[in-house]
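Down below is the structure, laid out as structure tokens.
Laboratory data are not the source of any read-out in this text; all were calculated from the coordinates shown. Small disclaimer: the values here were computed from a predicted structure and weren't measured. Here the Cβ is made from the backbone with ideal geometry for all residues, glycine too, and neighbour counts use every protein chain on show.
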């Protein structure tokens, strides 16, 4: 994991099926991730978005 990837400790993901998730965005602070999740939820209330701590795994944005 590169230094730039380590700067983003929090990710917001969307569940697309029982086993598949899409990373929507990455953040340095938990409160920024929570605010983003709340904003996304206003536009798509029927979808599931979750905030996770990003550690030891590389994630790519998008699907």
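If I take all pairs of Cα atoms in the range 3-53, what percentage of them are more than 12 Å from each other?
Pairs farther apart than 12 Å: 60 percent.
What order do you get for 43-53, 12-22 when each peptide is scored by the mean count of other beta carbon atoms within 10 Å, highest first?
Result, highest mean first: 12-22, 43-53.
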